[in-house]
Amino acid sequence: MAEPMATQDRANSVEEFPCPDSAYATEIIAVEHYTPRLFRFRVTRPPSFRFRSGEFVMIGLPGEKPVWRAYSIASPSWDDALEFYSIKVADGPLTEYLQKIQIGDALWFRKKPTGTLVLDALLPGKRLWMISTGTGFAPFAALVRDPEAYEKFEEIIITHTCRDLAELTYSKQVMASLADDPLVGESAGRVRLIASTTREESALMGRVTKLLESGRVYEEFDLPPLNAAQDRVMICGSMAMLKDVRGLVESLGFDEGANSKPGQFVVERAFVD
Ligand code: A2P
């Protein structure tokens, strides 16, 4: 197996490896590390690239045979750069190298965005719940900054559950930026983040499934229990989390939606390796 390329070599590899026609070549313009497991980065946006907030693309590092992995775009569709929020896996086929990227490095992403965590896949409703764990917050970071979410829903509730408090830094940062956001700043009072931890002591502890089943979330945040008539739900997290939260909302009578047939909830895996 070939030795991993040093960052500088990768930056220079743009000429060595021509970007396939099916992908865009972009450049890293910002990188921020939060914990040994989590970081975010921003890349230049190709002018012709269009997507809907909540969708994902396949990204890869330049190379002869790039490893492509699905990443939710964490920036809204109107932003002039593209943001991604990623886990770091020590021997992850992509993240082992991706976690070492630096400003100026090249990144490729496939031209076709896709995904079900889009507003179009939901029927009209009053309150939108976005339920996430870990890097599953990424698509919601895009949607919560999209004015369309506030046109379609009166209130937005985002739940984000992580192992410890440091892993909630990104979601808290995104939420704190909303008040000054030029497009959604006026609506920032209509969105709430319910953040919980499972392994470190914090004000709200427990998996979201447990917090919903016990009713604690409704009591503490003065919310009516999930109700398929007026609430809509988007779910993003690990496979196990999706299974459990899907089971929970289905038991409450929610029907799954898709682009072709909008429904009361939609699900997407947070793509980690
Ligand atoms: P826990 O600490 O009890 O495993 P990870 O970092 O492993 O992706 O997990 C992110 C968060 O998702 C953790 O707080 C974890 O809780 C929680 N989680 C893991 N599995 C489930 C599940 N099946 N349902 C709800 N939450 C889950």
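The values are calculated or read from the model by the stated rules, or taken from the named source; none is laboratory data. Because the structure is predicted, anything quoted here is derived from the model rather than measured. For neighbour counting, all protein chains shown are included, and Cβ atoms are generated from backbone atoms with ideal geometry for every residue, glycine included. In case anyone asks, the SASA skips ligands and DNA or RNA and just uses the protein heavy atoms, side chains included. Shrake-Rupley method; radii C 1.70, N 1.55, O 1.52, S 1.80 Å.
Quick check on packing: order 120-126, 196-202, 131-137, 158-164 by the mean number of other C-beta atoms within 10 Å, highest mean leading.
Averaged packing, sorted descending, gives the order 131-137, 158-164, 120-126, 196-202.
Taking the Cα centre of each part, how many Å lie between region 212-273 and region 132-201?
16 Å
Using heavy-atom solvent-accessible surface (probe 1.4 Å) with all chains present, what is the largest-first order of 220, 32, 83?
These residues rank, largest area first, as 220, 32, 83.
Note down the Stokes-Einstein diffusion coefficient of region 22-121 in µm²/s, whole number, using a Kirkwood radius over alpha carbon pairs, 37 °C, and 0.692 mPa s.
239 µm²/s
What is the total of Lys pairs in the chain with C-alpha atoms under 20 Å apart, excluding same-chain pairs fewer than 8 positions apart?
Summing the qualifying lysine pairs gives 9.
For region 58-171, what mean projected area does the convex hull of the alpha carbons give, in nm²?
Taking the Cα atoms of region 58-171, their convex hull projects to 8.4 nm² on average.
Name the long-range amide H neighbours of residue 130: under 5 Å, sequence gap of 5 or more, or other chain; modelled H, no Pro or chain starts.
Distant-sequence amide H within range of residue 130: 157, 158, 159, 234.
Over the C-alpha atoms of region 119-267, what are the Rg and the largest Cα-to-Cα span, Dmax, in Å?
14.4, 43
Under a Cβ-Cβ cut-off of 12 Å, what is the net charge of the residues other than residue 33 that fall near it, where Lys and Arg count +1 and Asp and Glu count -1?
+3
With charges set only on the Cβ (+1 for Lys and Arg, -1 for Asp and Glu), what does the dipole of region 17-130 come to about its Cα centre, in debye to the nearest 20?
Magnitude of the dipole: close to 380 debye.
Using the Cβ atoms and a cut-off under 10 Å, what net charge is assigned to the surroundings of residue 263, where Lys and Arg are +1 and Asp and Glu are -1?
Once all neighbours under 10 Å are counted, the net charge is 0.
Express the C-alpha Rg of the chain as a ratio against the empirical globular expectation 2.2 N^0.38 Å, rounded to two decimals.
This ratio for the chain stands at 1.01.
Output the antiparallel fraction of DSSP beta bridges having both residues in the chain, as a percent to the nearest 5.
45 percent
With θ taken as phi - 60° and the coefficients 6.51, -1.76 and 1.60, list the Karplus ³J(HN,Hα) couplings across region 62-74 in order, rounded to whole Hz; mark glycine and proline as x.
Running phi through 6.51 cos²θ - 1.76 cosθ + 1.60 with θ = phi - 60° gives x, x, 5, 10, x, 8, 9, 9, 6, 10, 5, 7, 8 Hz.
What are the residues whose amide H is under 5 Å from the amide H of residue 195, where those residues sit 5 or more places off or on another chain and H is modelled from the backbone?
160
Along region 255-271, what does the Karplus equation 6.51 cos²θ - 1.76 cosθ + 1.60 (θ = phi - 60°) give for ³J(HN,Hα), rounded to whole Hz, x for Gly and Pro?
Result, rounded to whole Hz: 10, 6, x, 8, 3, 7, 8, x, x, 9, 8, 9, 9, 8, 6, 7, 7.
Taking the Cα centre of the chain as origin, sum charge times position over the Cβ atoms of Lys and Arg (+1) and Asp and Glu (-1), and report the length of that vector in debye to the nearest 20.
420 debye
Determine ³J(HN,Hα), in whole Hz, for all residues of region 197-202 in sequence, where each value follows from phi through the Karplus function 6.51 cos²θ - 1.76 cosθ + 1.60 and θ = phi - 60°; x replaces Gly and Pro.
Whole-Hz 3J(HN,Hα) from phi for region 197-202: 10, 10, 10, 10, 4, 7.
Can you put 175, 130, 239 in order of accessible area, largest first, using a 1.4 Å probe?
Output order, biggest surface exposure first: 239, 175, 130.
Quote the charge dipole size of region 119-267 about the Cα centre in Debye, to the nearest 20; the model charges only the Cβ of Lys and Arg (+1) and of Asp and Glu (-1).
Roughly 320 debye for region 119-267.
Which of the chymotrypsin sites (Phe, Trp or Tyr not before Pro) found in region 151-253 are loop residues per DSSP with 14 or fewer other Cβ atoms within 10 Å of their Cβ?
The qualifying sites are 221.
What residue among 266, 101, 176 has its Cα farthest toward the positive end of the dipole of the chain, where the charges are +1 on Lys, Arg and -1 on Asp, Glu, each on the Cβ?
Farthest along the dipole direction, towards plus: 266.
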